[in-house]
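Read through the structure below, which is laid out as structure tokens, and then see the notes.
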Amino acid sequence: MSRSRSYSTLGALAAAVLPALLVTGCATAGDAGPAPVVVVRHTDAALHEPVWSPGTHALLALTDDGRVARVDPGAPGMTLSPPLGRVGENVVTDPSDPSVAYVARPDADEVVALDVRDLRPVGALPLGRAPDFLATDDGSRALLALSEDRTTVSAVDLGNQHALPPQDVHASPDAKLDGPARGRPVAYHVLGPDGITHYKGAPGQVEEKGRIDVRAGHSAGDRVKVDRLYVAERDGDRLLAVETPPDHEGLAVVASADLGAPVRHVGTDETRVYAATDDELVVFATRSFTGYPDGHLPRIATIPFRNALPDGPARSAPVSGLAVGPERVWLTLDGQDAVVGIAEPPL
């Protein structure tokens, strides 16, 4: 039996037995047996758009009332920031200072810096007009902000806090922004239902480097190959790997996989891509160095999770975010005061 099929079978078995095994934290030293494949950690509020915080080994996420929350998967309760007013669409962590996270405040034309230990504001950065969707370019240590009207990407150098020249992008109203995990030039992708555009260049010299007419939904960048993006195809069931071709001109789809259901959220680590549908977490290999000669994303595992959730609204609530931790992938559910942890399959 293949590893993919064997883990899928394990996931199906977990779905059948886990209602009796759901936990709200980590197992204690006296507990026997392996950790369950799917766990549910109850929270004090509904959360969305989570990210993993390496500085606290916990989840950071947005609440529905304009706060940032921190959830430690191994401890009860959660930490909440003060009310921040109307916030942007996501929260990001500082690429070189794990004690800091950022969230946009469009009405104030600023991005607030939070201490991740207590979620108290420790500063603010002016980042263009009405910053809304944030990303980081880890290699150049730049904080990026897509404006609420989707016309501009603004940036600031987090090393010296100097603003970089803004870039006109004129994207669709629900476009998103993705920055790379490595590399020295400033780089990012702007993506939405009208396509994906890649921008790159030295500070003050960023320009459009490629565009492809792919109707894009959620995405995640490859953690090793900086110009590759894994994209959920909007209004379709495919996950696409999009990157700059060898001639360094334009963008191209280099691999794809049909999941048989819409991909709701996407995440990555150094070796894998995690794609959440309404009912399953599907895991693929990144193959950052070897590429995809056959044009297919190799599937590692398919893990059902929906039937493992408790009876009630959570059984049908849409997935509202995905964060990749060191041992589990964590999902938030729209309007539900819980996070779902799915064990990452073995290498």
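When only residues in region 278-337 that are without any contact (Cβ under 8 Å) to a residue 40 or more places away in the chain and among the polar types (S, T, N, Q) count, which is nearest to GLU49 (Cα to Cα)?
SER316
For region 267-277, indicate whether the set of residues that are touching a Pro at 6+ places or on another chain (Cβ under 7 Å), surrounded by 14 or more Cβ atoms within 10 Å (Cβ to Cβ), at pLDDT 95 or above and not aromatic (Phe, Trp, Tyr) is non-empty. Lay out the reasoning, then the answer.
Let us first name the residues in region 267-277 that are touching a Pro at 6+ places or on another chain (Cβ under 7 Å), namely 277.
From what's left, surrounded by 14 or more Cβ atoms within 10 Å (Cβ to Cβ): 277.
Now narrow it down to the ones that are at pLDDT 95 or above: 277.
Pick out the ones that are also not aromatic (Phe, Trp, Tyr) and you get 277.
Within region 267-277 (the criterion being touching a Pro at 6+ places or on another chain (Cβ under 7 Å), surrounded by 14 or more Cβ atoms within 10 Å (Cβ to Cβ), at pLDDT 95 or above and not aromatic (Phe, Trp, Tyr)), the answer is yes, since at least one residue qualifies.
Say whether the condition of being open to solvent by 60 Å² or more (accessible area, probe 1.4 Å) and not in a loop (DSSP other than H, G, I, E, B) is met by at least one residue in region 191-206. Let's see the steps before the verdict.
The first filter runs over region 191-206 and keeps only residues open to solvent by 60 Å² or more (accessible area, probe 1.4 Å), leaving 194, 200, 203, 205.
After this cut, where a residue has to be not in a loop (DSSP other than H, G, I, E, B) as well, the list is 200.
Yes, some residue in region 191-206 is open to solvent by 60 Å² or more (accessible area, probe 1.4 Å) and not in a loop (DSSP other than H, G, I, E, B).
Can you tell me which residue in region 180-190 is modelled with the highest pLDDT, limited to those that are farther than 16 Å from LEU240 by Cβ, open to solvent by less than 20 Å² (accessible area, probe 1.4 Å) and not aliphatic (A, V, I, L, M)?
Per the stated criteria, the residue is TYR188.
Would it be correct to say that ALA175 is among the hydrophobic types (A, V, I, L, M, F, W, C), open to solvent by less than 10 Å² (accessible area, probe 1.4 Å) and closer than 15 Å to GLY88 by Cβ?
On the way: among the hydrophobic types (A, V, I, L, M, F, W, C): yes; open to solvent by less than 10 Å² (accessible area, probe 1.4 Å): yes; closer than 15 Å to GLY88 by Cβ: yes.
Taking the combined requirement at face value, the residue satisfies it.
Taking region 128-157 on its own, how many of its residues are over 15 Å from TYR199 (Cα atoms) and either in contact with a Phe, Trp or Tyr (Cβ under 7 Å, 6 or more places away or on another chain) or part of a strand (DSSP E or B) (or both)?
Adding up the residues that qualify gives 7.
What are the residues in region 67-111 that are over 25 Å from SER154 (Cα atoms), open to solvent by 30 Å² or more (accessible area, probe 1.4 Å) and outside any loop (DSSP other than H, G, I, E, B), if any?
ARG70, THR79, LEU80
Any idea how many residues of region 112-128 are free of Cβ contacts under 8 Å to residues at least 24 places away in the same chain and either open to solvent by 20 Å² or more (accessible area, probe 1.4 Å) or within 13 Å of VAL51 (Cβ to Cβ) (or both)?
Residues of region 112-128 that are free of Cβ contacts under 8 Å to residues at least 24 places away in the same chain, as a first pass: 113, 115, 122-124.
If we keep only those that are either open to solvent by 20 Å² or more (accessible area, probe 1.4 Å) or within 13 Å of VAL51 (Cβ to Cβ) (or both) too, we end up with 115, 122-124.
Residues meeting the conditions: 4.
Under 16 Å from the mean Cα position of the chain (by Cα) and outside any loop (DSSP other than H, G, I, E, B) - does that describe any residue in region 283-306?
Yes; the residues of region 283-306 include at least one that is under 16 Å from the mean Cα position of the chain (by Cα) and outside any loop (DSSP other than H, G, I, E, B).
Among the residues of region 137-170, which ones are surrounded by fewer than 23 Cβ atoms within 10 Å (Cβ to Cβ) and closer than 17 Å to LEU229 by Cβ?
ASP138, GLY139, VAL169
So, in region 62-86, of the ones that are closer than 20 Å to ASP107 by Cα and among the aliphatic types (A, V, I, L, M), which residue ends up nearest to the chain's Cα centre (by Cα)? I'd like the intermediate steps shown before the answer.
Kept after step one, since they are closer than 20 Å to ASP107 by Cα, are these residues of region 62-86: 62-68, 81-86.
Filter again for among the aliphatic types (A, V, I, L, M), leaving 62, 68, 84.
Details: LEU62: 13, VAL68: 16, LEU84: 22 Å.
So, considering only residues that are closer than 20 Å to ASP107 by Cα and among the aliphatic types (A, V, I, L, M), the one nearest to the chain's Cα centre (by Cα) is LEU62.
Can you find a residue in region 144-164 that is touching a strand residue (DSSP E or B) at 6+ places or on another chain (Cβ under 6 Å), among the charged types (D, E, K, R), closer than 23 Å to PRO326 by Cβ and at pLDDT 95 or above?
no
With under 27 Å from PRO345 (Cα atoms), in contact with a Gly (Cβ under 6 Å, 6 or more places away or on another chain) and of a type outside the set (Phe, Trp, Tyr) as the only criterion, which of VAL51, VAL71, VAL39 stands out? Break it down into steps so the answer makes sense when it comes.
Details: VAL51 fails: in contact with a Gly (Cβ under 6 Å, 6 or more places away or on another chain); VAL71 fails: in contact with a Gly (Cβ under 6 Å, 6 or more places away or on another chain).
Exactly one residue qualifies, and that residue is VAL39.
Considering region 112-127 alone, what residues qualify as being of a type in the set (D, E, K, R) and in a strand (DSSP E or B)?
Filtering region 112-127 down to residues of a type in the set (D, E, K, R) leaves 115, 117-118, 120.
Of everything in region 112-127, just one residue is of a type in the set (D, E, K, R) and in a strand (DSSP E or B), namely ASP115.
Taking region 207-235 as the search range and keeping residues that are under 20 Å from THR93 (Cα atoms) and open to solvent by 30 Å² or more (accessible area, probe 1.4 Å), which one is modelled with the highest pLDDT?
Within region 207-235, the match that is modelled with the highest pLDDT is HIS218.
The values are calculated or read from the model by the stated rules, or taken from the named source; none is laboratory data. Here the structure is a predicted model, which means the values were calculated and not measured. For neighbour counting, all protein chains shown are included, and Cβ atoms are generated from backbone atoms with ideal geometry for every residue, glycine included. Accessible surface is based on the protein model in full, side chains and every heavy atom, while ligands, DNA and RNA are left aside. Shrake-Rupley method; radii C 1.70, N 1.55, O 1.52, S 1.80 Å.
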